[in-house]
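Please treat every number below as a calculation from the coordinates, not as lab data. Quick caveat, the model's predicted, so the values are computed rather than measured.
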Amino acid sequence: MPPYSRGEKYKMPRPKYRSRSLRRVQKKMPGGKTKQVYVERKPKTHKCAKCGKDLKGIPRLGSEKAKNTPKTKKRAERPYGGFLCAACAREKIKKEARLKLS
């Protein structure tokens, strides 16, 4: 039953919380009651530029956190790391080597 039907006053969320850019999460408070809290949504995972698969080892960070994270933690330590998945990178390196030899 909603709180306003029990005689409690319904409280409208503040304007900054009315947008759907924030996730609504039901959190249990120490008193035993549940309260709706607003949490930032996580960004989507990074995709391979060639095949579109999710890239492994690349964190889903917002712009503020990504700015303060070292570059080595934001991409794989290999050629095309953070841009191509391992399979596509291997394929591209092989293709480049073959072109170089012929």
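Under 17 Å between alpha carbons, and skipping anything fewer than 8 positions from Lys35 in its own chain: which lysines qualify?
Straight-line reach from Lys35, under 17 Å: Lys9, Lys11, Lys27.
Which aspartates and glutamates have a Cα lying under 18 Å from the Cα of Lys42, excluding residues fewer than 8 positions away in the same chain?
Asp54, Glu64
Mind sorting out which of (1) 34, 28, 12; (2) 49, 13, 11; (3) 35, 16, 9 is the real semi-axes √(5λ) of the Cα gyration tensor in Å computed from the coordinates?
So the structure-derived entry is (2).
How large is the helix-only mean residue ellipticity at 222 nm for the chain, computed as the sum of -39500 (n - 2.57) over DSSP H runs with n ≥ 4, divided by its residue count, in deg cm²/dmol to the nearest 500? Please report the intermediate quantities before stating the final value.
Details: 3 runs with 25 residues, N = 102.
Computed ellipticity for the chain at 222 nm equals -6500 deg cm²/dmol.
What pairs in Lys73/Lys95; Lys44/Lys71; Lys56/Lys95; Lys44/Lys100 have C-alpha atoms more than 30 Å from each other? Could the numbers behind the result be given before it?
Values: Lys73/Lys95 28 Å; Lys44/Lys71 19 Å; Lys56/Lys95 23 Å; Lys44/Lys100 37 Å.
Over 30 Å apart, Cα to Cα: Lys44/Lys100.
List, in order, the whole-Hz ³J(HN,Hα) value for each residue of the stretch 64-72 obtained from phi through the Karplus relation with A = 6.51, B = -1.76, C = 1.60 and θ = phi - 60°; use x for Gly and Pro.
5, 6, 5, 5, 9, 9, x, 4, 5
Cross-link partners among aspartates and glutamates for Lys53, C-alpha distance below 20 Å, same-chain residues fewer than 8 apart left out?
Glu77, Glu91
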